[in-house]
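As structure tokens, the structure follows; a few thoughts come after it.
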Amino acid sequence: MKLAILGGGGFRVPLVYAAVLGQRVARGIREVALHDTDVTRLGAIGHVLAEQAQRHTAGSGEPAPARVTTTTSLDSALEGADFVFSAIRVGGLEGRVVDERLALGLGLLGQETTGAGGVGYGLRTVPVALAVAERVALLAPDAWVINFTNPAGLVTQAMQTVLGERVVGICDSPLGLAKRAAGALGLSLGDVVIDYAGVNHLGWLHGLSAGGRNVLPELLADRHRLEGFEEGHLFGAEWLQSIGAIPNEYLWYYDFTRDAIARIRESAQTRGEFLLGQQSDFYAAVEAAPARALEIWDAVRRERNATYMAETRAGGDGDDGPERTEADIEGGGYEGVALALMGAIARDDPATLILNVRNRGTVPGLPDDAVVEVPCLVTAAGPVTLPVSPLRGRELGLVQQVKAVDELVVRACREGSAAVAVQALASHPLVDSVSVARELWSGYRERLAPFYAGFR
């Protein structure tokens, strides 16, 4: 098999390659083709992967299962691919900083996937994702596309308009939530059946069944256990008990919007500014000392993971809040989901995963072709959704509104319509004025003009 990784010079690519080296599915992969438009970034990640392969060979006594190639030609990367892993960032981290600062300057949440920033990111990413999908359809029509490009649900839905259900979106947040909740009850993921539903970065854990019995109410009733893991501390036991579910961590931006804006504004840097500085230093350090590439990468990775969503853990009076657990710092997670998905399809080795897939009636109240995030059973035929509890009241209303925004973004990009782009921005529940939506759009077109050139 050939695995093409788009965004192959990205910082998290070594996580995927480490999973390739460590899992059985890797035995069928003959080539990992890294594609990126930045030669320097490709070179740096190439050094990290070479050292990973060397250590794997030395430790196992076996050769690395797949050769790594690098290219700036999208067609070369895609040609003959069996799986395409997409993790591109249109506009780079510089674009993310604009997303954050522009929104904050207008009194709105500045976040990569949620609110104004997520819509702006989507408006410049969907045209590129559609172009990629067209090339996949031509050069690798039988390939499965595993999408991690953010906003993941939106981009997956856009690419499905070209490639159909062979595009599957992945995210590690839902399984991470289920794992932490199960762990608080002394259980592992293998012990439970997960009842989770929503769309990417907007979903709720409604149940954990063990031995045929839903044990989530026991966790919700136990304040000590509930506040002993990340989401419990984040939302507080009182709120979780009142709603009778555990939200995805990104719901904090909806449930505590004012707090989020205040904390981000109080920070010395936005998340994008932190990552831009950190990654600039990383690529420069590897270029200067390529023999230490893996060591440098691993240190930066741990720092990156430790500071993930730091604003959600900050308290008052300069309190930084609780640190992330060692398991959360050490593990990424999405690479494991990607390899499990690949293995289930390639070897017909069934796996149950939470994925971004076409709804087809799984979540009542959403169109059949809407991409939702729900548990799926994956076999060689691809993912099939499993039954979940219906979304209730505010949950369904929020998901419907955000999904309507996704549909407007795809339409705006297909039509090249600035008017529809403004509609998408104004329709988001975290954007509170049409006038502000117009200011956002003007700001994006002024500061990131090349990426919005296709809009009339």
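Each value in this text was obtained by applying a stated rule to the coordinates, not by laboratory testing. Here the structure is a predicted model, which means the values were calculated and not measured. For neighbour counting, all protein chains shown are included, and Cβ atoms are generated from backbone atoms with ideal geometry for every residue, glycine included.
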The stretch 220-275-the stretch 173-192 distance, computed between alpha-carbon centres (Å): 18 Å
Amide hydrogen neighbours beyond the local backbone of Phe85, cut-off 5 Å, H modeled: Ala4, Ile5, Leu6, Ile146
For the chain: rounded, prolate or oblate by the Cα gyration tensor [a/c cutoff 1.5]: rounded
Selected from Leu187, Thr125, Gly211, residue furthest toward positive end of dipole (the chain; charges at beta carbon): Thr125
Computed [θ] at 222 nm, helices only, for the chain once each DSSP H run of length n ≥ 4 contributes -39500 (n - 2.57): -15500 deg cm²/dmol
Computed P(r) (all Cα pairs; the stretch 394-452; 10 Å bins; percent): 24, 51, 21, 3
At R0 = 25 Å, FRET efficiency that the Cβ-Cβ distance of Glu62 and Asp298 yields, to 0.05: 0.65
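Normalised by the number of residues in the stretch 394-452, what is the relative contact order in percent for Cα pairs under 8 Å and 6+ residues apart?
In percent, rounded to a whole number, it is 25.
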Computed E for Thr69/Ala346 - FRET, C-beta separation, R0 30 angstrom, nearest 0.05: 0.90
Proxy reagent accessibility, fewest Cβ within 10 Å first, across Trp239, Trp252, Trp204: Trp239, Trp252, Trp204
For the chain: relative contact order, % (alpha-carbon pairs under 8 angstrom, 6 or more apart): 17 percent
Among Cys413, Leu234, Val378 - extreme Cα towards positive end, dipole of the chain, charges at beta-carbon: Cys413
Bridge type composition, the chain - antiparallel percent by DSSP, nearest 5: 55 percent
Rough spin-label spacing in nm, given labels placed 7 Å along Cα→Cβ, for Arg265 and Ser442: 2.1 nm
Sites Thr161 and Glu79, calculated FRET efficiency, Cβ-Cβ separation with R0 22 Å, nearest 0.05: 0.45
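What is the gain in length, in nm to one decimal, between Leu189 and Ala380 on full extension, counting 0.36 nm per residue of separation less the C-alpha to C-alpha distance?
66.5 nm
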Label-reachable residues, the stretch 108-144, where backbone N falls under 11 Å from a point 7 Å from Asp432's Cα toward its Cβ: 108-109
Net charge dipole size for the chain [Lys, Arg +1 and Asp, Glu -1 on Cβ; Debye, nearest 20]: 800 debye
Cα centroid separation - the stretch 87-142 against the stretch 374-392, whole Å: 27 Å
